Amino acid sequence: MDTIASGLFVPPVPTPPEAPLPMRGFLRAIRENALTMWPEAAYHDQVLVRQFFGRKNFLLNAPDAIHHVLVDNHANYRRTPASIRILRPITGNGLLLSSGDAWRLQRRTIAPALGPRVLPLLCRHIMTSTVEALEALDPNQPLDLLTFMQTLALDIAGRSMFSLETRQYGAAMRRLLTEFGERFAQPHLFDMLLPASIPTLRDWRRAHFSKRWMHLIESMMRQRAASPGPVAAKPRDLFDLLTSARDPDTGTGFSMVELRDQVATLILAGHETTAVTLFWACVLLARAEGIQDWMAEELVGLDLTNDSVQAKLIRTRSVVNETLRLFPAAFTLVRETILPDQIGDLRLPRQAVVMIAPWVLHRHHALWTDPAAFNPTRFMPEALPPPRFAFMPFGAGPRICVGAQFAMAEAVLVLASVIQRFRITMDASPPVMPTAVVTTQPDHAPLFHLRRRAVQRRADPIRPAS
């Protein structure tokens, strides 16, 4: 049953084990629901250490230690073989998995295409898709908001990338993404023990999936490339921007294979994570109706298609940030040391596994007041900001998500559009529980009920965060 702390809604989550899991239970948790692999002590201690098949595994919660790994000495920390095995079939050699000089070249080339000056163009694609999707809803029928948000986010990704509606490709994309999540995303023992250069039977199956997925991406690229060019050299979408992108130092652009891998990476990272964030925001607002009304107040009379409207969506942004705190789509970052390292008194040997888990970090008792409670006012301008590196839904350091501004703009505009039009409620039983393999998903898709908003009254303020 849901509980309320200090008058605030506390969403239900799996109960952490009291003690560290034995090896078999730890492996089962990684495969079935990674949120259950951390014991209660993880939410109180600065570091947790365990052995994993002869290798040390560190969970870091101290902001200074996280800063060291992700910023000060980031070149000494690489992705693990398991991460590479799982993600390469669906992202190729795009920005997410590249390293060294290849990563620096890709980052320098892509970053301007997702910078602040491009946001107005991308926000117009966001609002076009959102308005069409919301106008097609029937408020008299219960709604599966998880599927709705996944479909909408995929359409936004398609329009932002290619200026194309996803009706032609959307079903195939969803089918392949679902197949990947159900069959290939769960890490298995050999994924974690073998070097990425040694293929397993599961890797062969992933490679077969990758051929079908990349073929679909290439088909979309061919259709987009065949459409008329931009008028007066003005870019229409991310494809135009990426096609014309050049490394500022060398003038080098992307080959077609490199462009395909970047497109695949951006579609995967840009649609699934935003969709689950919007779903969890709706769950929280449906169960905390006072906060929903508080947020709706700032939306009265706003034109959400206006390029400057985001500066006015202060409460909406705080709700999105609080959703990202409680239900970070990227629930953990896993790295491997290349050379031995030392962080304060902590010695990390070569090939140690280092975990920085936003799921744990965002609920840590030493870093947050009422860490389990849904309280968006902790992100309002007048509240004290959280400690640096205590809140990192998009990562941190040189490898922070290159599309973070776009993802945030999309989440804020879509959520504002939904709450401006509708008051949302949901079936309370059974409670929605988070489960995590690649992203933080619900264990089932509840039905929501929408009611068109009448003229709103000002709601009583909710307690500000301390």
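The values are calculated or read from the model by the stated rules, or taken from the named source; none is laboratory data. In this text the structure is predicted, and so the values were computed from the model without any measurement. Here the Cβ positions follow ideal geometry from the backbone for every residue, glycine too, while neighbour counts run over all protein chains shown. Side chains are part of the model used for accessible areas, which takes the heavy atoms of the whole protein and leaves out ligands, DNA and RNA. Shrake-Rupley method; radii C 1.70, N 1.55, O 1.52, S 1.80 Å.
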Heavy-atom SASA rank of I424, I400 (probe 1.4 Å, accessible area, largest first) = I400, I424
How large is Rg/Rh for the stretch 261-307, to two decimals, with Cα atoms and a Kirkwood Rh?
-> 1.16
Within the chain, which complete DSSP H helices have Cα atoms spanning at least 27 Å along the helix axis and a mean Kyte-Doolittle hydropathy of 1.6 or higher?
-> none
Accessible-area value, H125, 1.4 Å probe, nucleic acids and ligands omitted, Å² | 30 Å²
Provide the convex hull volume over Cα atoms per residue for the stretch 147-200, in Å³.
-> 118 Å³
The chain, accessible area per residue, ligands and nucleic acids excluded (1.4 Å, Å²) | 44 Å²
What does the charge add up to near R399, with Lys and Arg as +1, Asp and Glu as -1, over the other residues with Cβ less than 15 Å from its Cβ?
-> +3
For the stretch 1-155, shape from the Cα gyration tensor axes a ≥ b ≥ c, cut at a/c of 1.5 then a/b versus b/c, turns out oblate
Taking amide hydrogens as modeled 1.01 Å from N in the peptide plane, which residues meet the under 5 Å criterion relative to D341, leaving out close sequence neighbours?
-> L348
Neighbour cut-off at most 12 other Cβ (10 Å), DSSP loop, chymotrypsin sites (Phe, Trp or Tyr not before Pro), the stretch 1-79 = F53
Give, as ranges by residue number, the residues of the stretch 416-444 whose backbone N falls under 13 Å from the point 7 Å along Cα→Cβ of E32.
-> 436
What accessible surface, in Å², does a 1.4 Å probe find on L384, ignoring ligands, DNA and RNA and rounding to the nearest 10?
-> 140 Å²
Rank these by accessible area, largest first, 1.4 Å probe: E336, E258, E382.
-> E382, E258, E336
Give the Rg/Rh ratio for the stretch 68-215, taking Rg as the radius of gyration of the Cα atoms and Rh as the Kirkwood radius, to two decimals.
-> 1.03
Please give the peptides 237-245, 198-206 ranked by average Cβ packing (other Cβ atoms within 10 Å per residue), highest first, as a rough proxy for protection.
-> 237-245, 198-206
Which value, in nm² and rounded to one decimal, describes the direction-averaged projected area of the C-alpha convex hull of the stretch 22-101?
-> 6.8 nm²
So how much slack lies between A226 and E135, counting 0.36 nm per residue of separation and subtracting their Cα-Cα distance, in nm?
-> 29.7 nm
What's the FRET efficiency of E297 with D101 using the Cβ-Cβ distance as r and R₀ = 60 Å, to the nearest 0.05?
-> 0.75
Amide H neighbours of M37 at under 5 Å, excluding residues fewer than 5 places away on the same chain, with H built from the backbone geometry, are none
What relative contact order, as a whole-number percentage, does the chain give when Cα pairs under 8 Å and 6 or more residues apart are counted?
-> 27 percent
Accessible area of D370, 1.4 Å probe, to the nearest 10 Å²?
-> 50 Å²
Note, the stretch 47-60: 3J(HN,Hα) by Karplus (6.51, -1.76, 1.60, θ = phi - 60°), whole Hz, Gly/Pro = x, goes 8, 10, 10, 8, 8, 9, 6, x, 10, 7, 10, 10, 9, 9
Largest-first semi-axes in Å of the equivalent ellipsoid built from the Cα gyration tensor of the stretch 119-159 are 21, 11, 6
Accessible surface, 1.4 Å probe, highest first, among residues E297, E32 | E32, E297
Counted charge near R107, where neighbours are those whose Cβ lies closer than 11 Å (Asp, Glu -1; Lys, Arg +1) = +1
What does a probe at D249 reach in the stretch 89-114, counting residues whose amide N is under 15 Å from the point 7 Å along Cα→Cβ?
-> 99-111
For semi-axes √(5λ) of the Cα gyration tensor in Å, the choices are (i) 44, 22, 20; (ii) 42, 26, 21; (iii) 32, 30, 21; which was calculated from the structure?
-> (iii)
So what's the gap between the Cα centers of the stretch 179-227 and the stretch 46-71, to the nearest angstrom?
-> 29 Å
Whenever you get a sec, compute what percent of the accessible area on the chain sits on carbon and sulfur atoms (1.4 Å probe).
-> 57 percent
Only Lys, Arg, Asp and Glu count, each charged at its Cβ (+1, +1, -1, -1), so figure out the dipole size of the stretch 67-221 about its Cα centre, rounded to 20 debye.
-> 660 debye
Spatial separation of Cα centroids for the stretch 250-281 and the stretch 399-428, in angstrom | 18 Å
